[in-house]
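Before any comments, here is the structure.
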């Protein structure tokens, strides 16, 4: 049998139970187009059983009954299950893609690529993308069977690909001479935030709808508990896809000026929201840069021990091995929280260098900037770090400073 970790929910449509599922390790997976309808049977009619999906978290198991493969899922009682013929199902894709972009010191590293990708964390490749080789702050998403990439500081800011290796520019006036501030797929539509122009959405990649929402200070878009949130530097808003509007739900709990809310995440174990920030109070060792909330409205300052230097800020908020991780500037290079962001403490980074951090396919990677050829490290348990060689060969001593994962 093949075990697949899923998060599932069920709805009743036309007197039938409809299951909507996504792989547990894909944070931004939208599954409404892959709903699965089945017929109820008794457990005694299935020759192979097990502990199955219960509507929140669990395991869906593929089994074989009378030479016919079935997908089995528990509904609400131990003796009632649902089964589905294998050829009647459309399994949600578990394909993922990681993109590293924006070459630091591009003038000093003319032979280093400005973009690096992998679909499994092991086999890295340099994609072929027109325009500037150095892709600035690239963001990636996928709609239907097409990959999309939004970039900054180029004539054309949007690109598409069928295989993630060969890309072509989207030749539309709305995407010319502007910057992509955010890119995400949500409820079967692709949304892109455009500097000075607001938002655009599409369901087919050809026809685009203008959405009048401010996007110029957009830090990121994040799907949490099936809701889309817009992190707009100082505040957090919730997007309503039925009216194409957004509503501010968090107060302006961080300072203005050069400060910002850099990331928003959710810890499903502690049921808390996490936010990490930058502050203009450079050099303040007591700068408040971590916050947590139960409702996205009332925020609490996190406690713990960390240091800030001239560049007071934390980035790359990442969940791995039951903990939360983030990278800092020139003092605390790596911090960790084990209680859903309520407490943060500095831990020893694998190398003494500012770097980017990302978790991909159960591997946590830290890439130092000062000497990238010798500062690419990964861990599979959060304790023991090992040097990674393959990406450095492709990077040719360059360093990429932005990460995007779909």
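With respect to residue 250, is the statement that it is in a loop (DSSP other than H, G, I, E, B), in contact with a strand residue (DSSP E or B) (Cβ under 9 Å, 6 or more places away or on another chain), surrounded by 14 or more Cβ atoms within 10 Å (Cβ to Cβ) and in contact (Cβ under 8 Å) with a residue 24 or more places away in the chain true? Answer is yes for this residue. Those strands (runs of 3 or more DSSP E) of region 176-247 in which at least 2 residues are surrounded by fewer than 15 Cβ atoms within 10 Å (Cβ to Cβ), considering only elements entirely within it, cover 209-211. Scanning region 376-393 for residues that are closer than 16 Å to residue 112 by Cα and surrounded by 15 or more Cβ atoms within 10 Å (Cβ to Cβ) gives 376, 391, 392. The single condition from (1) in contact with a strand residue (DSSP E or B) (Cβ under 6 Å, 6 or more places away or on another chain); (2) surrounded by 20 or more Cβ atoms within 10 Å (Cβ to Cβ); (3) touching a residue at least 40 places away in the same chain (Cβ under 8 Å); (4) outside any strand (DSSP E or B) that residue 121 fails is (2). The set of residues in region 313-332 being part of a strand (DSSP E or B) and either in contact with a strand residue (DSSP E or B) (Cβ under 6 Å, 6 or more places away or on another chain) or crowded, with 22+ Cβ neighbours inside 10 Å (or both) consists of 313, 315, 316, 317, 318, 320, 323, 324, 325, 326, 327.
Read-outs throughout are calculated quantities, based only on the coordinates presented, and are distinct from any laboratory measurement. From a predicted model like this one, the values you see are computed outputs, not experimental measurements. Cβ sites come from the backbone with ideal geometry, for glycine too, and all protein chains shown count toward neighbours.
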